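Report on the structure given below.
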Amino acid sequence: MFLLLVAAATIYFILGELGEGFFMLGAIVLVSTISLYQDQRSRKALEALAKFTQAKARAIRNNAVVELPSADLVVGDLVVVNEGELLPADGQVVHMNDFAVNESILTGEAFSVQKTVSEDKQGKVYRGSQAVGGLAVVRVTAVGSNTEIGRIGISLAAIGSSRSPLEQQIT
């Protein structure tokens, strides 16, 4: 589009229509300036939106509760999880108060699961599941692709796409 307008302005200059040529060049500069300005504003808005929607977690560090991006969690951190929040990492419950979790993202089970402070499955929580009741302090045992949901994502990405029987017959 831009090259087409420049070509039109060039044709005006070749034909000797200097007024029309300069008008066309002015219009090109004006439209380009407005376009660049709008593009810059859009980029800034998208960066602000990405920063605003970044998942956060409340971790206990240096005997204080600090809010930080979920990506900054490391194995061994203590995370505080309240009702209604998504768990930011896999972990082990170390303290809880009537804590229940909806693990349907992993199990497909619609009912919430009561958690306890124990070393077995009852004390394990998983990234992506939602706290539906109570409060808990969780020691992080896995982050990123080492979590259960991360392993599922890796295995799904490894599945190759094969042709359907109809596509094979057509070929």
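Read-outs throughout are calculated quantities, based only on the coordinates presented, and are distinct from any laboratory measurement. Treat the numbers as computed from the prediction; the structure is a model and nothing was measured. Quick reminder, even Gly has a Cβ in these numbers, built from the backbone with ideal geometry, and neighbours come from all protein chains shown.
Quick notes
- Mean-square fluctuations from a GNM of the chain, with a 10 angstrom spring cutoff on Cα atoms, peak among Val75, Val138, Val101 at Val75.
- Computed from the C-beta positions of Leu166 and Leu106 and an R0 of 22 Å, the FRET efficiency is 0.10 to the nearest 0.05.
- In this structure, the amide hydrogen of His95, modeled 1.01 Å from its nitrogen in the peptide plane, lies closer than 5 angstrom to those of Val137, counting only residues at least 5 positions away or on a different chain.
- A simple spin-label model places pseudo-atoms 7 Å from Cα toward Cβ; at Lys51 and Leu156 they are separated by 3.1 nm.
- Here Lys44 is the anchor, and the lysines within straight C-alpha reach of less than 29 Å, apart from those fewer than 8 places off in the same chain, are Lys56.
- Linear extension gain, Asn97 paired with Asn82, 0.36 nm per residue minus alpha-carbon span: 4.4 nm
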